[in-house]
Amino acid sequence: MIEPKVILEIFIILGVIWTAGCAVVVARSGRAIPLEQLNRAEARLRMGLLGGLGGGAIVIFFLTLHWLPYANTRRAELGSPEVTVGAMGMQWTWILSRHQVPADVPVEFTVTTRDVNHDFAIYDASGRLLTQAQAMPGYTNRLLYAFHAPGTYTVRCLEYCGVGHHMMTASLTVTARPK
Amino acid sequence: MASTALATPRPPETITPLLAPDRANGAVIRAALAYMIVGLGTFLLLGLLGLLMRLDQGGLIVIPAAWFYRIMTLHGAGMVATILLAALGGLAAAVSATTQLKARVLWIALILQIIGTSFVILTTLVGGFGAGWTVLYPLPSHGDIWPLSAAIAMYVGYLFLALGLLVYCVHMLYALARAHGGLTNVLALRYLFSFGRDTRGALPRPPELIAAVISIDGIAAATAGVVYLIPMFAHAAGVTSVNALFAKNAVLLFGHTMANLSIYVTAGLVYAALPIFTGRPWRTTWAVVCAWDLIIILMLANYSHHLYADFAQPLGLQLLAELGSYAVALPSFIVTVVGALTQVYRSGIRWTIAPTLLLLGIWGWVLGGIGAVLDATIPVNQVMHNTMWVPAHFHTYYLLGAVAFAWGYLFYMVRELTGDRDARMLRVAAWLYGIGGAGFVFMLFVAGGNSVPRRYAVHLPQWQVYARVAVPFVILLALGLAWFSWDLGTRFRAAWRGTQGAASEP
């Protein structure tokens, strides 16, 4: 699973590199030379960036195919669901068919809504977002997930749904799997 | 007389001044100034609403939830509309010396936009509407605390905004096609598909090419808006229900493209103004033509990265959205950003306020783009979607990108129209703006990296620190903006007079 904080760290690293690049250009903005003298270097830089960034994007795209959050990919990774939890959103509460699931087994959440769009998002006890799926009028979204640590998890709504949106939570307990 | 002068082909390597030789475009420049003043003036007021929301999220003040969401709706809808308005004004000015725009049509489009924005203001502040700027079906009809009439008023406001955009874009496209002997010439398609070998005829200047590109996408966005609004009106009248997935696709094609247009329009302003300060013409090369013609398609293809968590969206569209999001970043970065940095490098530029803000915009645009591309990666989006990461990335490329470009271009316009040199101290205001803006958006990213949800009226105590740290930066930002406003306010009348003495409306 991808950690949100790791994404933040990647962003900071890339941001610092980019900022340093800009600073170099500004520091060397004096002492004018004809633009024509830069044409070849600019073309080389563009081709390098096209190859590097374009190639990198294609590689990342194919890598991400293994971590898609959709049911088929998760089923291939986790196995068929052993527990199913119905999760229906309504302004401004979640109705869960059960509030307790075992750890280390694939759990399928069938996410629906009675009224408007909601987003079924599961947070662990440290406040980290683990996984999510939208609850859409007229549709059932199947979210597969396996909890590895027993404890109390919080379901929050992450799709703005009206004045009680921020209060729309539910609790889910993950118990240790019997040996 | 003006018509002949404007239609004359000119070599693409010249730097075009703001005013045509006989000030034939004075009336258009006045309309453009009105767009920018209305747009950026409203931006300032809406920014204060943003500060209120951050104070509330930091636990420093208490705003009742119903009011928070009304303010949030106004802030979001208003910012998208008014920043685009300022951007469109700048673009009209940027092409007006070589393209015969009609000031009267620009004023009509502006009035339509003002009417639309007024509906948004009234329905949120008076009507109690608080369904968010995305007016995502079916929430506007299920608000509980606002009447259906408030939702309808919001739709009417959006209809006027879409119409205003449509009028502007159709007129811009018509004027460009007329000046260049056809739309294919403005888009330099013959030059593009011959890989730069067919150089018959004058190529468009980059701002003209960009104006054509954004006008095509603007028409597409406005059409998507109307396609969304018609069933919304029907639903409000109790005639029909709407497929939720279709509605979300339509509203995001409209809204996301509107938001994207701002950054691409203002990028066009960089092509127009930066060469004035570097003394280096920005040529219409094959790379520039290819990049911008590609953006016509790519800008429309990436909106659905906001639907990754909607598992009902066909998988092919999800993957296309990821590819499209990567693809749209490439031409922008490789051609426009690298081109801007090449303009500056060893140019001997004097860092007055306008080029400082233009370069700040390049920095912010890319920084926001990094956040956006990360979030457009499906497994990343799975843990970032609808957290503060989302407002983090778009505030970055709005505030430190598009808005910095727009302020920079406005300073350039005022300098050209008044003949004044910008005060050196004004650069301090740009630093205040940059540092304040950077600190503000960085705390949004940090909150997103810590999974803090977006669009929450009440933040848990452990989340409040991110908003609290941001507040001093917002104050720096406000000081910078106040300085900009004061300086421009003292010179605006002279700038307005600088457009006069020209031929009357063409």
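The values are calculated or read from the model by the stated rules, or taken from the named source; none is laboratory data. Note that the coordinates shown come from a computational prediction; the quantities given were computed from them, not determined experimentally. Cβ coordinates were reconstructed from backbone atoms using ideal geometry, including for glycine residues, and neighbour counts include every protein chain displayed.
For region B:92-123, the set of residues classified as among the hydroxyl-bearing types (S, T, Y), part of a helix (DSSP H, G or I) and more than 22 Å from the chain's Cα centre (by Cα) consists of B:T123 only. Quick check on my filter: what residues within region A:4-48 are surrounded by 12 or more Cβ atoms within 10 Å (Cβ to Cβ), out of contact with any Ser or Thr (no Cβ under 8 Å at 6 or more places or on another chain) and not in a helix (DSSP H, G or I)? Listed by number, the residues that qualify are A:R28, A:G30. The listed residues are B:W463, B:W431, B:W483, and the only one of them that is within 30 Å of A:T131 (Cα to Cα) and not small (G, A, S) turns out to be B:W463. Check whether at least one residue in region A:3-10 is among the acidic types (D, E) and either touching a Lys or Arg at 6+ places or on another chain (Cβ under 7 Å) or modelled with pLDDT under 95 (or both), and report yes or no. For region A:3-10, residues among the acidic types (D, E) and either touching a Lys or Arg at 6+ places or on another chain (Cβ under 7 Å) or modelled with pLDDT under 95 (or both): present. When B:G498, B:G480, B:G489, B:G449 are checked against the criterion of being within 14 Å of chain A (Cβ to nearest Cβ) and not aromatic (F, W, Y), B:G449 stands alone in meeting it.
Please tell me if B:N386 is within 30 Å of B:L315 (Cα to Cα), out of contact with any helix residue (DSSP H, G or I) (no Cβ under 8 Å at 6 or more places or on another chain) and buried (at least 24 other Cβ atoms within 10 Å of the Cβ). Criteria met by B:N386. In region A:108-179, counting only strands (runs of 3 or more DSSP E) that sit wholly within it, the ones holding 1 or more residues that are of a type in the set (S, T, N, Q) span A:129-135, A:141-146, A:151-157, A:169-175. Listed by first and then second residue, the pairs with beta-carbon distance under 9 Å, at least 6 apart or on different chains, first residue in region A:126-151 and without any contact (Cβ under 8 Å) to a residue 12 or more places away in the chain, second surrounded by fewer than 19 Cβ atoms within 10 Å (Cβ to Cβ) and assigned to a strand (DSSP E or B), are A:G127/A:T154.
With respect to the conditions (1) more than 9 Å from chain A (Cβ to nearest Cβ); (2) at pLDDT 95 or above, B:M384 lacks only one, and its number is (1).
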